[in-house]
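Take a look at the structure below.
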Amino acid sequence: FHYDLARAFAKKQGLTLKLVLKSTLNDYFAPDLFNDVDVVCDNVTILPDRAEKMKFVEFLAIKQILVTKKGHIPLTSLGRLADETIIVAKDSSYYAGIQEKEKEAKLTFKYFFSATTADQIKDLLADKGTVTILDSNLAAEKLLEDELSLHKAISARQMIGWGVEKSQAALAAKLGEFLEESRRDLKSGLFANVWTKYIQGISYDEYLKIAQ
């Protein structure tokens with residue numbers, strides 16, 4: 001997904017795209033990162049501490065969202081979670097977020113703790129619990145593959161973004177213009193077409209109704 005859009009941007013600018021692969025999210029915030037790369041193109045949530053280290057260009061809106069196996073009754077309120085077992089990794093933002101909602105609603109939820117966030121869908125499909133929580137973009141990627149259903153969002157909207165060195169305002173502006181133009185046509189623009197290539201369980205315009 002990110003590669004196709006980055007390649008389209010490079011082509012529009014008359015540049016040759018070179019890939020530099022990194023192993024972990026933390027690698028994107030290494031002090032010498034921009035000695036090797038010009039743009040970080042990945043699912044990086046824009047957070048205040050991260051924005052101190054690089055300049056972000058907004059890429060896609062996301063929310064933390066409740067996810068179940070297909071066929072589950074609609075989860076339209078937090079109260080319904082009192083009858084569910086929620087699958088989360090204990091050291092994750094998903095667990096921190098749902099705990100806040102639990103306290104706000106003065107409810108008591110049951111949990112099954114996955115080893116990592118990457119294991120949550122596997123544990124859901126193995127019936128270790130009945131509902132899990134994912135960022136909406138990650139859930140959308142898994143919809144068709146694992147026959148899942150998306151339910152209520154439990155967080156405010158955040159943005160994932162592409163990052164550039166803080167001094168590169170002109171590059172950030174060009175990226176912003178390119179991404180804005182690619183998203184303009186929600187059904188057949190460049191962004192929507194690349195979305196459909198990689199995410200077939202939900203269209204881009206339908207996804208925005210969940211995440212915006």
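The values are calculated or read from the model by the stated rules, or taken from the named source; none is laboratory data. This one's a predicted model, so the numbers in the text were calculated from it and none came from an experiment. Because the Cβ atoms are built from the backbone with ideal geometry, glycine has one as well, and the counts that use them run over all protein chains shown. Note: accessible area is taken over every heavy atom of the protein model, side chains too, but ligands, DNA and RNA are not part of it. Shrake-Rupley method; radii C 1.70, N 1.55, O 1.52, S 1.80 Å.
In a loop (DSSP other than H, G, I, E, B) and either surrounded by fewer than 18 Cβ atoms within 10 Å (Cβ to Cβ) or in contact (Cβ under 8 Å) with a residue 24 or more places away in the chain (or both): which single residue out of Lys174, Lys197, Lys187, Lys209 fits that description?
Just one listed residue meets the conditions, Lys187.
State yes or no: is Glu181 over 19 Å from Asp4 (Cα atoms) and charged (D, E, K, R)?
No, not satisfied.
Here's the yes/no breakdown for (1) of a type in the set (Phe, Trp, Tyr); (2) open to solvent by less than 70 Å² (accessible area, probe 1.4 Å):
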residue	(1), (2)
Ala10	no, yes
Leu15	no, no
Cys41	no, yes
Thr45	no, yes
Phe59	yes, yes
Thr68	no, yes
Arg80	no, no
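Given Lys70, Lys63, Lys90, Lys101, which one is in contact with a Lys or Arg (Cβ under 7 Å, 6 or more places away or on another chain) and among the basic types (Lys, Arg)?
Result: Lys63 is the single residue among Lys70, Lys63, Lys90, Lys101 that is in contact with a Lys or Arg (Cβ under 7 Å, 6 or more places away or on another chain) and among the basic types (Lys, Arg).
A quick yes/no check of all residues on (1) open to solvent by 80 Å² or more (accessible area, probe 1.4 Å); (2) in contact with a Phe, Trp or Tyr (Cβ under 6 Å, 6 or more places away or on another chain):
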| position | (1), (2) |
| --- | --- |
| Ser77 | no, no |
| Val88 | no, yes |
| Tyr94 | no, no |
| Gly97 | no, no |
| Thr108 | yes, no |
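Residue-wise test of (1) at pLDDT below 95; (2) touching a strand residue (DSSP E or B) at 6+ places or on another chain (Cβ under 9 Å); (3) not β-branched (Val, Ile, Thr).
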{"position": "Leu5", "(1), (2), (3)": "no, yes, yes"}
{"position": "Leu15", "(1), (2), (3)": "yes, no, yes"}
{"position": "Leu21", "(1), (2), (3)": "yes, no, yes"}
{"position": "Leu25", "(1), (2), (3)": "yes, yes, yes"}
{"position": "Asp32", "(1), (2), (3)": "yes, no, yes"}
{"position": "Asp38", "(1), (2), (3)": "no, yes, yes"}
{"position": "Thr45", "(1), (2), (3)": "yes, yes, no"}
{"position": "Pro48", "(1), (2), (3)": "yes, no, yes"}
{"position": "Val57", "(1), (2), (3)": "no, yes, no"}
